[in-house]
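Remarks on the structure that follows.
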Amino acid sequence: MKVSTILGSPHVDGNTGTVLGRFEGMLEDSGHEFDRINIIDHEVMGCMGCYTCRDTPDAPGCIQVDDGNAIFERLIAADAVVYATPLYCWGFSAQLKALIDRHICLKTGDQADGRTSLMEGKPVLLLVTSAGPEEENADVIQTSFERLCRFLALDCHGKFVVARCVDPGCASERAGEFAARMLEALAP
């Protein structure tokens, strides 16, 4: 299995990167491969809401000239996708949010006209690290992710919140537990 992982943190070696890295190591140890996308290494502009992408039913059709479409091609080619982000104002990091907004280009039409999602049925996971508690804090991002999954007909295999994780030492201590749970959630 090939898993695309998207690190949405502006800090590659921060809490989110630490937990995601442990998961990627476990993937390799299990005979799988991963394709890491560090969002900060790519230029992804925000969605313009022009809906020009709807004119290209068989590929991400965003007209913006940046790295967005190339990232989407990598996600489409993967067997599964893991979205990893620190919790910023109850949601995705700004860097990842621009790409999330652009996911509309993966929805190629309404199901009524026979077209749906370029990622339909793809297993996905959400990994969130947060300095605060999960309750009344990470609920909004989980709801947003669920709606993204419904919109794109993705197969959500789990949402994992590493709460009260203030420093990389905390992430290191808890990374193995969360990585193992994530790997188990992706198992067929």
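The values are calculated or read from the model by the stated rules, or taken from the named source; none is laboratory data. The model shown is predicted, which means the values in this text are computed figures rather than measured ones. Using ideal geometry, Cβ is built from the backbone for each residue, glycine included, and neighbour counts are taken over all protein chains shown. In case anyone asks, the SASA skips ligands and DNA or RNA and just uses the protein heavy atoms, side chains included. Shrake-Rupley method; radii C 1.70, N 1.55, O 1.52, S 1.80 Å.
Out of curiosity, is ILE76 within 22 Å of ALA153 (Cα to Cα), touching a residue at least 40 places away in the same chain (Cβ under 8 Å) and open to solvent by 20 Å² or more (accessible area, probe 1.4 Å)? It is true that ILE76 is within 22 Å of ALA153 (Cα to Cα), touching a residue at least 40 places away in the same chain (Cβ under 8 Å) and open to solvent by 20 Å² or more (accessible area, probe 1.4 Å). Please tell me if SER93 is open to solvent by 30 Å² or more (accessible area, probe 1.4 Å) and in contact (Cβ under 8 Å) with a residue 24 or more places away in the chain. For SER93, the condition - open to solvent by 30 Å² or more (accessible area, probe 1.4 Å) and in contact (Cβ under 8 Å) with a residue 24 or more places away in the chain - is not met.
Scanning the stretch 33-59 for residues that are part of a loop (DSSP other than H, G, I, E, B), closer than 25 Å to LYS2 by Cα and either open to solvent by 60 Å² or more (accessible area, probe 1.4 Å) or at pLDDT below 90 (or both) yields a count of 4. Residues in the stretch 17-31 that are buried (at least 18 other Cβ atoms within 10 Å of the Cβ) and either outside any helix (DSSP H, G or I) or touching a strand residue (DSSP E or B) at 6+ places or on another chain (Cβ under 9 Å) (or both): GLY17, THR18, VAL19, LEU20, GLY21, PHE23, GLU24, LEU27. For the stretch 162-188, the candidate set comprises residues that are closer than 21 Å to LYS122 by Cβ and free of Cβ contacts under 8 Å to residues at least 12 places away in the same chain; within that set, the residue that is surrounded by the fewest Cβ atoms within 10 Å (Cβ to Cβ) is PRO188. Of everything in the stretch 135-161, what is open to solvent by less than 40 Å² (accessible area, probe 1.4 Å), more than 23 Å from MET1 (Cβ to Cβ) and in contact with a strand residue (DSSP E or B) (Cβ under 7 Å, 6 or more places away or on another chain)? Give them in sequence order. Selection gives ALA138, ILE141, GLN142, VAL161. Within the stretch 5-24, identify whether any single residue is modelled with pLDDT of 95 or more and among the hydrophobic types (A, V, I, L, M, F, W, C), and answer yes or no. Yes, the stretch 5-24 has at least one match.
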